[in-house]
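Below is one structure, written out as structure tokens, with a few remarks after it.
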Amino acid sequence: MAASCVLLSACSSEVLEEDVAEAGEAITAATADGRAALALRWAPIHYQDVDVTGSHSLGGRADYLARVDFDGDWSSTNNWESAGSRALPAHAYHAVVETGTHWFIVYTFFHPRDWMDSPFDTEHENDSEGVLVIVARDGTEHGRLLGAVTVAHTDFYSFVPDGSPLAAGGESIDGRLSLASFEGQLHPITAQEAKGHGLKAWPSYDIEGGDGVKYYPSLTAAEEPSSASDPDVRYRLLDTYGPDGLWPRRGLATLFTSSGAFLGDRGGDCGSGWSFYCPTNAANAPWGWDDGDDGPIARGEIATDPARLVAHYFSVPAGFSTSYSFNPFLGVGSP
């Protein structure tokens, strides 16, 4: 277990695991409790590869998950520097949208640095990549997991678990979505590279060389790894639409450009050393994620219109609905 753990006490704005257990069959994404229940149920067991070489790695800490405001402010142009001196308790953001037939959950994993330690390579301040999880509303409390689409830099990758009715459509299926048991329920397993933090379903990416962190989801606990090789760390889920979320701050000039890119500059030692290049504003919020060669799917639709993306990427079952009953990105329903 990680050495540093932040346990948040109960208050009116918090959604605890015991509250989620009482949500029953009437779960809907239109309520904070419903979104939390769905996000916790399908949140990935997340493997993070870690590299400890070079000064920009911060001894491995540059690969730890963090919340965007880990340093206590909502300015994203000091995150590179703050990562060297601030605690990095693990968080991830969830955004749930709903149609009559499916739930779509985007999980966002943030790092203060995308870093490199090889000559003539690129690094930048802030890094945001993630995964779309597709869940059928099949009459059970939390639905049935059908597949996932992951974000690895400027490419998306599709994965399905055994027995899924989803088949290849406008895009190929890139692999099997593996599952593992956590607290009595099966969860998808995802993994991120060290340094650049591309994300795929495990084992398409994996922990390499012995250095790595295994993160497990929680609604209350945010732990910082005790070392670069910590096998049991909790990450706390935050609602993208909620008071600690990113969507209500989409117009914040210290955090985002108008296109949904995180502000990032060349402060600190970003771009120094091995003739690194350090571009500005190089990381995107989910509504800015883009695969450049996936046909009609527009920038950000993996979050803002995931039903349309899924209907293009996959051959979907009859009756698949693309009409939203809850989708704050498109102004359908209010969180």
Accessible area per residue in Å² at 1.4 Å probe, computed on the stretch 212-270: 34 Å²
statement: Hits in the stretch 282-296: amide N under 16 Å from the 7 Å Cα→Cβ extension of ARG308, namely 287-296
- prompt: How large is Rg/Rh for the stretch 223-335, to two decimals, with Cα atoms and a Kirkwood Rh?
  reply: 1.05
statement: So, with points 7 Å from each Cα along the Cβ direction, the THR140-SER75 label distance in nm works out to 4.9 nm
- request: Return the Rg/Rh value of the stretch 204-259, two decimal places, where both radii are evaluated on C-alpha atoms and Rh is the Kirkwood radius.
  value: 1.13
query: Roughly how many percent of the accessible protein surface of the chain is carbon and sulfur, given a 1.4 Å probe and a whole-percent answer?
result: 49 percent
- prompt: Among 286-298, 173-185, 140-152, 203-215, what's the highest-first ranking by average C-beta atoms within 10 angstrom per residue?
  reply: 140-152, 203-215, 286-298, 173-185
Leading residue at positive end of dipole, the stretch 229-271 (Cβ point charges), from GLY267, PRO231, PRO243: PRO243
query: Relative to the longest principal axis of the chain, what angle (0 to 90°, nearest 10) does the C-alpha long axis of helix 32-42 take?
result: 80 degrees
- prompt: log10 I(q)/I(0), Debye, Cα-only the chain, no solvent, q = 0.09, 0.13 Å⁻¹?
  reply: -0.43, -0.93
- prompt: What is the packing order of peptides 34-42, 74-82, taking the mean over residues of other C-beta atoms within 10 Å and listing the highest first?
  reply: 34-42, 74-82
statement: Residues whose modelled amide H sits under 5 Å from the amide H of GLY147, counting only those 5 or more places away in sequence or on another chain, are ILE134
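The values are calculated or read from the model by the stated rules, or taken from the named source; none is laboratory data. Not measured: the values here are computed from a predicted model. Counting neighbours? That spans all protein chains shown, and the Cβs are built from the backbone with ideal geometry, glycine included. Remember, those area values only see protein heavy atoms, side chains included, never the ligands or the DNA or RNA. Shrake-Rupley method; radii C 1.70, N 1.55, O 1.52, S 1.80 Å.
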